[in-house]
1. Antiparallel DSSP bridges in the chain: what percent, to the nearest 5?
2. Sorted from largest to smallest, which semi-axis lengths in Å does the alpha carbon gyration tensor of the stretch 1-124 give for its equivalent ellipsoid, taking the root of 5 times each eigenvalue?
3. Note down the net charge around H150, summing +1 for each Lys or Arg and -1 for each Asp or Glu among other residues with Cβ under 10 Å from its Cβ.
4. Mind checking the dipole of the stretch 8-69: about its Cα centre, +1 per Lys or Arg Cβ, -1 per Asp or Glu Cβ, Debye to the nearest 20?
5. Please compute the Kirkwood hydrodynamic radius over the stretch 23-69, one decimal place, Å, based on all pairs of different Cα atoms.
6. Roughly speaking, what is the centre-to-centre gap between the stretch 92-129 and the stretch 1-78 when only Cα atoms are used, to the nearest Å?
7. Label the stretch 33-195 by shape, choosing from rounded, prolate and oblate, from the square roots a ≥ b ≥ c of the eigenvalues of the Cα gyration tensor; if a/c is under 1.5 it is rounded, and otherwise prolate applies when a/b is larger than b/c, oblate when it is not.
8. Below 15 Å, Cα to Cα, which aspartates and glutamates can K185 reach? Residues fewer than 8 away in the same chain don't count.
Amino acid sequence: MHSFEKLLLENKAWAAERVQDDPTFFKRLENIQKPEFLWIGCSDSRVPANEITNTLPGEIFVHRNIANLVVEDDVNCLSVLEYAVVHLKVKHVIVCGHYGCGGVKAAMMDQSFGIIDKWIVGIKELYNENREEIDALENETDRVNLLVEHNVRKQALNLAKTLTIQKTWAREERPTIHGWVYGLKDGLIKQVLTLAPPVKKLNYQIV
Ligand code: ZN
């Protein structure tokens, strides 16, 4: 059997199990999508949003890219944000990075990764801005992980500055923006930043 065929077989078994547990499971999901959360995470295969939060289909609207970035001219991410916040009316937007992130590691190297260089240029800048603090750490893993935390804070602040968030915050007390970091070694999420409206002024020093 090819590896992809196993996925299709597993899918059949999964769908059958869902219906066995709850005969209306798919009917319900087919008719309505009302998630409370938007998740902006890393594409890394070890950080699946639903699995690590023990949530079901229908509970989290998801966008993932390398190193969980919110870039001001990324039409893909901004469209997902607009749809989730304005149309689905999510209450929480979560940016979730993870320790040991390959995208963050790559940004710290003097090495070219082709097209990816263009994508991670913002993390390279962030590294330069915080170089003194980061390079003071002896252990390479610690250095990467500190930049991972800085990156999550930065992306949460980038989110807060988008037109979608600004116009929603002007009218409503939602969504709350969360910056989280997932630990591959223990499966636990650490909260590093929360921006709950009303946010009068963005504070770049928030920890
Ligand atoms: Zn990653």
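The values are calculated or read from the model by the stated rules, or taken from the named source; none is laboratory data. Note that the structure is a prediction, hence the values are computed from the model and not measured. Glycine also receives a Cβ, built like all others from the backbone with ideal geometry; neighbour counts cover every protein chain displayed. Keep in mind that these areas ignore ligands, DNA and RNA; they rest on the heavy atoms of the full protein, side chains included. Shrake-Rupley method; radii C 1.70, N 1.55, O 1.52, S 1.80 Å.
1. Values: 6 of 24 bridges.
Taking every DSSP beta bridge with both residues in the chain, the antiparallel ones total about 25 percent.
2. Numbers: eigenvalues 194, 87, 27 Å².
Semi-axes from the Cα gyration tensor: 31, 21, 12 Å.
3. Working: positive: R153, K154; negative: E129, E133, E149.
For residues surrounding H150, the net value is -1.
4. Numbers: 7 positive and 9 negative charges, 32 e Å.
Charge dipole of the stretch 8-69: 160 debye, to the nearest 20.
5. Numbers: mean 1/r = 0.0858 Å⁻¹.
When all Cα pairs of the stretch 23-69 are included, the Kirkwood radius is 11.7 Å.
6. The two parts, judged by their Cα centres, are 24 Å apart.
7. prolate
8. D44, D142
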